[in-house]
1. Please give, to one decimal in nm, the separation of the simple spin-label points placed at Val99 and Ile72, each 7 Å out from Cα toward the Cβ.
2. Can you list the trypsin sites (Lys or Arg not before Pro) in segment 47-100 that are in a DSSP coil and have 11 or fewer other beta carbons within 10 angstrom?
3. Quickly work out the Val33-to-Lys19 label distance, labels modelled 7 Å from Cα along the C-beta direction, and quote it in nm with one decimal.
Amino acid sequence: MMSQKSKSVDAGIWMKLTKLVMGLVLLAGAMAVFQWYQPVIRQNEGMQRRIIHLRKQIAEENKIAQTLQAKIGSVTTNDFTLDRLAREKLGYAKPGEKVVRFETINASLPSR
């Protein structure tokens with residue numbers, strides 16, 4: 001009778017050890033897969049950050065485009081705006097008008 005008990009006890013220990021080893025093998029496999037995909041995950045995170053940055057940049061550029069479209073619309077529909085821009089930017093004047101130009105003084109010169 002003694003030999004039957006020891007065989008059943010030994011089989012129980014070997015089953016437990018087999019389950020433990022299989023669990024450790026599965027854990028090691030999961031860790032290997034994680035390590036294998038880790039560079040891809042980091043690359044994906046970097047691309048997501050870049051997408052967020054580019055979307056912010058697109059929003060800023062869209063605001064600038066709307067402002068420029070508004071300026072273009074005002075120039076094409078309002079003659080007064082076109083006249084004002086020609087005077088300011090190009091220094092044009094109507095016949096008989098006197099043009100006064102102000103020059104800025106260099107701030108690096110010492111005052112007297």
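Just so it is clear, none of the values below were taken in a lab; they were calculated from the coordinates. Since the structure is predicted, the reported quantities are computational estimates derived from the model, not experimental observations. Here the Cβ positions follow ideal geometry from the backbone for every residue, glycine too, while neighbour counts run over all protein chains shown.
1. 2.7 nm
2. On the way: sites: Arg49, Arg50, Arg55, Lys56, Lys63, Lys71, Arg84, Arg87, Lys89, Lys98; in loops: Lys98.
Qualifying residues, ordered by number: Lys98.
3. 2.2 nm
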